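Report on the structure given below.
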Amino acid sequence: MKHMPRVLLVEDEPAIAELVLVNLRHNGFEPVWAEDGIAAQRELDAVLPDAILLDWMLPGQSGLALARKWRADARTKTIPILMLTARGDEPDKVAGLDAGADDYITKPFSTQELLARIRAVLRRRAPEQGSDALVAGELSLDAATHRVTWRGHALKLGPTEFKLLQYLMAHPERVHSRAQLLDKVWGDHVFIEERTVDVHVKRLREALGAAGAMIETVRGAGYRLAAQSTASSGTG
């Protein structure tokens, strides 16, 4: 039997929660509802979901604080988080992404949009079929096992950073515009701003540590992965 993706919804408004739960159930998901951070943590301690829908405004700990907490915990670090926000403000969205969200949905949202965003983050988390290990300089990525190593040391990447790195490593030395990256990495990107790409590139560089220098910003054009970067070459 096909696995039904388990989605944890952290939302304190019952009317919104009910709507989301019904739609998820009808579309092949197994939703679990938590009204606040404490209930959500209980659910996470019991069973890890495939994705988390997290409301920005919650009683007690805010969605932002919860996203930071779950990103810092090794057990929940790689679970995709989608922030539900009533604010269309750009700084808020960037704050959500900086806190560790993979994506965000602004209320009010359509069912179609919600399902598309969840499916997209789950796709990014799933290993690509048929693409084997990729190597660039001393950086290697194994899609089947979802492992990234730099000089033999394993690195921890979230699902979106992994997919972004996988795409850049599969097309080294090429310059990719933000729009191209949204198309190839995010897939259904009609709901996403290009600024999102910058936040994830920044997060990818941080996760890569010393290898982060391999991801170069090409002013006015986009990003590229330089296999032979200053990160790996000596001064000789």
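Candidate cross-link partners of LYS163 among the lysines, defined by an alpha-carbon separation under 24 Å and a same-chain spacing of 8 or more, comprise LYS2, LYS69, LYS77, LYS93, LYS184, LYS202.
Each stretch of four or more DSSP H residues adds -39500 (n - 2.57); spread over every residue of the chain, this sum gives -11000 deg cm²/dmol at 222 nm.
In the calculated pair-distance distribution of region 133-225, the portion above 24 angstrom amounts to 14 percent of the Cα-Cα pairs.
Here the residues ASP73, ASP12, ASP50, ASP102, ranked from fewest to most Cβ neighbours within 10 Å of their Cβ, fall in the order ASP73, ASP12, ASP50, ASP102. Counting other Cβ atoms within 10 Å as a rough exposure proxy, the listed residues ARG224, ARG219, ARG195 run ARG219, ARG195, ARG224 from fewest neighbours to most.
For LEU84, the shell of other residues with beta-carbons less than 9 Å away shows a net charge of -1, using +1 for Lys and Arg and -1 for Asp and Glu. Charge dipole of the chain (Cα centre as origin; +1 on each Lys and Arg Cβ, -1 on each Asp and Glu Cβ, all else neutral): 680 debye, rounded to the nearest 20. The translational diffusion coefficient of region 6-125, from Stokes-Einstein at 37 °C and 0.692 mPa s with a Kirkwood hydrodynamic radius over alpha carbon pairs, comes to 235 µm²/s.
No value in this document is a laboratory result; all are computed from the given coordinates. Predicted model only: the values in this text are computed from it and were never measured. Don't worry about glycine lacking a Cβ; one is built from the backbone with ideal geometry, like all the others, and counts go over all protein chains shown.
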